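> My questions all concern the structure below.
The values are calculated or read from the model by the stated rules, or taken from the named source; none is laboratory data. As the structure is a computational prediction, the values presented were derived from the model and not from experiment. Positions of Cβ are backbone-derived with ideal geometry, glycine not excepted, and every protein chain shown enters the neighbour counts. The accessibility values were calculated without ligands, DNA or RNA, using every heavy atom of the protein model including side chains. Shrake-Rupley method; radii C 1.70, N 1.55, O 1.52, S 1.80 Å.
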Amino acid sequence: MKEIKPELKNKIKNIPPLPGIYKMLDSRGQIIYVGKSKCLKKRVQSYFVKDHKWEKINKLVSFIHDVDFIVTDTHLEARLLECELIKSIKPYFNSQMKNDQGYVYLKLNDYNPYNVLSLVNERTDNSYGPFRSRNLLLEFISLMKNIYPVGFENNRYVFEYHIFPVVMDKNDYNHNYKILKSIFEFEDKMRLFISQAEEKMSEAANAYRYETASAYRDILNCLKYIEHGINGYKNLFSKKLVLKIPTVDGVKLFYVNKGSILLSKKYKRLSDVYLKNFINKGNLISQKQESKESPNVSDKASMDYRDILYSEICSLPGDMILHIE
């Protein structure tokens, strides 16, 4: 590990133990990495230890000439700012969130007996997503070929795992197509299908058909990933919320509508009057937003911001989330 310059060492020492983002710069002043942390001081210092176990970090540190940072009130804001900077700067050592165009959609194809499902780069009719994991979706497409055709009788799905895929005629294909479409588009149908796939996995394992059980396990992993991508955010987008997140010197409020933060404000002491005024102001902004034509925002570009907000909301205790009627 290269020797750290005294001025950089002193700068790192004086980074505050607060949430925020940090930027690693090379000798030309180019930002080569952007990160975030709940405690900037600890996170940045962790890079400059001898013989770091991650080779990528050892390589990164060898290029670091300077470090900049921005303090934020909350970890949520640090994560959102990190995402924004990575997308705009595209630092060399960042990999996640840098390329929106790498995200794909799962498409249900019209009659094509060898490819019921495929991946497409843009949203089209009967496509679902976007999703990050191209490889997981390709695995799902391949695995599903061994359980077609899927039927539906007496409020249950009918399917079996076949060692070799069954070639469907057009009638079977169209019926299978309708079944899959309902699974992807209705949350209760997806849950029922997942539940029955779990039953099939258990039955195969109990009968010592471990290869079949393993295939169902892999299908289930893919299904749960897809189910979360399609349905996981519906509640977030259908509600107006106020988040009450503590800061080092008070509390910060965030007004969230349809998965977007419309308003935020920090208070040293939060009273009922302040909260009511904040909600009223958020409601006005929300009404104005809904009266206007929605901007044409790429769902690929907004995906990472949506995921950040969703995961932060899920991590908050119930008393920090206020549902607005």
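> Looking at region 293-316 only, could you name the residues that are under 21 Å from Lys98 (Cβ atoms), open to solvent by 60 Å² or more (accessible area, probe 1.4 Å) and at pLDDT below 85?
Result: Val297, single match.
> Output yes when any residue across region 279-300 is under 27 Å from Ile194 (Cα atoms) and part of a helix (DSSP H, G or I), and no when none is. Don't jump to the end; show me each part of the working.
So in region 279-300, the residues under 27 Å from Ile194 (Cα atoms) come out as 299-300.
In the following step, the residues that additionally are part of a helix (DSSP H, G or I) were identified as 299-300.
Scanning region 279-300 turns up at least one residue that is under 27 Å from Ile194 (Cα atoms) and part of a helix (DSSP H, G or I).
> If we keep just the residues of region 130-143 that are closer than 18 Å to Ile194 by Cα and in contact with a helix residue (DSSP H, G or I) (Cβ under 7 Å, 6 or more places away or on another chain), which is most open to solvent (accessible area, probe 1.4 Å)? Spell out the reasoning first.
Residues of region 130-143 closer than 18 Å to Ile194 by Cα: 136-137, 139-143.
Then drop every residue that is not in contact with a helix residue (DSSP H, G or I) (Cβ under 7 Å, 6 or more places away or on another chain), which leaves 136, 139-140, 143.
Details: Leu136: 43, Glu139: 74, Phe140: 1, Leu143: 28 Å².
Only one residue tops the list, namely Glu139.
> Just a yes or no: is a residue in region 48-60 in contact with a strand residue (DSSP E or B) (Cβ under 7 Å, 6 or more places away or on another chain) and either open to solvent by less than 50 Å² (accessible area, probe 1.4 Å) or in contact (Cβ under 8 Å) with a residue 40 or more places away in the chain (or both)? Spell out the reasoning first.
Here is the first cut: in region 48-60, the residues in contact with a strand residue (DSSP E or B) (Cβ under 7 Å, 6 or more places away or on another chain) are 60.
After this cut, where a residue has to be either open to solvent by less than 50 Å² (accessible area, probe 1.4 Å) or in contact (Cβ under 8 Å) with a residue 40 or more places away in the chain (or both) as well, the list is 60.
Yes, some residue in region 48-60 is in contact with a strand residue (DSSP E or B) (Cβ under 7 Å, 6 or more places away or on another chain) and either open to solvent by less than 50 Å² (accessible area, probe 1.4 Å) or in contact (Cβ under 8 Å) with a residue 40 or more places away in the chain (or both).
> Restricting to region 1-33, name every residue that is part of a loop (DSSP other than H, G, I, E, B) and within 14 Å of Phe48 (Cα to Cα).
Let us first name the residues in region 1-33 that are part of a loop (DSSP other than H, G, I, E, B), namely 1-5, 14-19, 26-30.
Selection gives Met1, Lys2, Glu3, Ile4, Lys5, Ile15.
> If Leu180 satisfies all but one of (1) open to solvent by 20 Å² or more (accessible area, probe 1.4 Å); (2) touching a residue at least 40 places away in the same chain (Cβ under 8 Å); (3) of a type outside the set (Asp, Glu); (4) touching a strand residue (DSSP E or B) at 6+ places or on another chain (Cβ under 8 Å), what's the number of the condition it fails?
Condition not satisfied by Leu180: (1).
> Separate question: Restricting attention to region 46-91, which residues are among the aliphatic types (A, V, I, L, M) and not in a helix (DSSP H, G or I)?
Of all residues in region 46-91, those among the aliphatic types (A, V, I, L, M) come to 49, 57, 60-61, 64, 67, 70-71, 76, 78, 80-81, 85-86, 89.
The answer is Val49, Ile64, Val67, Ile70, Val71.
> Residue under question is Thr212, and the condition is that it be β-branched (Val, Ile, Thr) and closer than 24 Å to His323 by Cβ; does it hold? Spell out how you get there, then give the answer.
Numbers: β-branched (Val, Ile, Thr): yes; closer than 24 Å to His323 by Cβ: no.
No.
> Now for a different question. Take the residues in region 222-249 that are polar (S, T, N, Q) and closer than 25 Å to Gln287 by Cα, then tell me which one is most open to solvent (accessible area, probe 1.4 Å).
Going through region 222-249, the residues polar (S, T, N, Q) turn out to be 231, 235, 238, 247.
When the remaining residues are screened for being closer than 25 Å to Gln287 by Cα, the result is 235, 238.
On the way: Asn235: 106, Ser238: 85 Å².
Among those residues, the one meeting the criterion is Asn235.
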